[in-house]
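In what follows, a structure is listed as structure tokens, so that the remarks can point back to it.
The values are calculated or read from the model by the stated rules, or taken from the named source; none is laboratory data. Since we're looking at a predicted model, the values are computed, not measured. Here Cβ is always computed from backbone atoms with ideal geometry, including for glycine, and neighbour counts include all displayed protein chains.
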Amino acid sequence: MFKQLQDKHQLSILLIFSIVSVFGITPFIIIRFIENNIVAALIDLAIVSSILTLVGYAHYTKKPRVISAVIALLVNISVIAIIITNGINSMLWIYPVVAVTFFLVKPIEALILTLSNVAIIASIPNLFDAIPLNSYFTTNLMLAACAFVYACFGNKQLALLAELNSTDPLTGALNRRALNDDTLAAISRAERYNSTYLLAFLDLDFFKKVNDEFGHAEGDRVLKQLVSITNSHIRESDKLYRFGGEEFVLIIPEIPSKEQVSFINKLRETIKNELKTPTGNSITVSFGVAAWVPGTTVASWFKRADDAMYQAKKQGRDCAVFSKD
């Protein structure tokens, strides 16, 4: 979920950057052609054309991370080229380049790229006859430091937003929004690599009695403890989602067919042994499980797991039923 949100955020940044670049650089292309500064004009034209092409490609492939890194490298090399060509007249371009680099790549990558760029420009002969070298270093380092702090803070905020966007606030399990995205991703991966996937519906048995006898606060505790127990007994690649109320969903990838039944039943028994009411009685769960098969859609996969859950309830609960379809 975080990667999806990060990609959407990065695509938006690339789009805004391309628009700003066109409106910011195009007038200089025209001016330099008029002034017969052909080399500088062609460099600017190449920069704008490359940015538009790369941003378009990023939106087409929906993979902005690599393209952002390429653009960051491009603009840093370009500012060196234009300063070598125009000298002191183009020195101010380094400041927007420093700023935009921190929008395009990770903060530490941007810092390394910026410091390298600043050092290379400082080595250009005769460039600092008109301006003090210490002022150049100080202003660029201050800008880089501020941009670095801002970028780090922004990344933390984005990660927090992704967590809030995909996590159930009561239990800490992933929510239905994350479930929808991850189910589509699981089907796509299963179709591409013929991977094995299980979709398991998990339902607390007689949960209403817990609420009625012990109150909703105790019911909330049971839900949170269920998530804690389940997460501590599944693999890192397995994901637990709260579907609604006392219903949960597990997506279990890459589990051999001969181990599927034992895996689910072991988890069911573990929950039964560890999840208790305040009086010490076990709280049981029922499972409805459906394996991915070719031609599966989100709707059909959910229906097969739901039908299996219905059979588990019909058989008396505290059991796991696997879909035969």
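Is there a residue being free of Cβ contacts under 8 Å to residues at least 24 places away in the same chain, over 30 Å from N36 (Cβ atoms) and in the same structural domain as F17 (by TED's automatic domain parsing) anywhere in segment 86-104? So far as segment 86-104 goes, no, none of its residues is free of Cβ contacts under 8 Å to residues at least 24 places away in the same chain, over 30 Å from N36 (Cβ atoms) and in the same structural domain as F17 (by TED's automatic domain parsing).
Per this entry, F28 is not counted among residues that are crowded, with 18+ Cβ neighbours inside 10 Å and either within 26 Å of G154 (Cα to Cα) or of a type in the set (D, E) (or both). Taken together, the residues in segment 284-318 that are surrounded by fewer than 21 Cβ atoms within 10 Å (Cβ to Cβ) and farther than 22 Å from T196 by Cα amount to 9.
Within segment 234-265, the set of residues being exposed (fewer than 14 other Cβ atoms within 10 Å of the Cβ) and of a type outside the set (D, E, K, R) comprises S237, G244, G245, P256, S257, V261, S262, N265. K208 versus (1) over 22 Å from the mean Cα position of the chain (by Cα); (2) in a strand (DSSP E or B); (3) of a type in the set (K, R): which is the lone unmet condition? Here K208 clears every test but (2).
Selection over segment 174-190 of residues that are touching a Gly at 6+ places or on another chain (Cβ under 9 Å) and over 15 Å from Y241 (Cα atoms) gives a count of 0. Taken over segment 211-238, the residue count meeting the criterion of being assigned to a loop (DSSP other than H, G, I, E, B) and either among the basic types (K, R) or over 16 Å from V289 (Cα atoms) (or both) is 5.
Residue count for segment 9-39, restricted to those that are within 19 Å of Y60 (Cα to Cα) and touching a residue at least 40 places away in the same chain (Cβ under 8 Å): 7. For segment 117-144, filtered to residues that are under 35 Å from the mean Cα position of the chain (by Cα) and surrounded by 12 or more Cβ atoms within 10 Å (Cβ to Cβ), the residue that is nearest to I84 (Cα to Cα) is I120.
Across segment 79-115, which residue is nearest to S50 (Cα to Cα) among those that are within 29 Å of the chain's Cα centre (by Cα) and among the polar types (S, T, N, Q)? Taking the candidates together, the pick is T101.
Results for (1) out of contact with any Leu (no Cβ under 8 Å at 6 or more places or on another chain); (2) at pLDDT below 90, shown as yes or no for each residue.
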residue: T139; (1), (2): yes, no
residue: L143; (1), (2): yes, no
residue: F148; (1), (2): no, no
residue: A151; (1), (2): yes, no
residue: L164; (1), (2): yes, yes
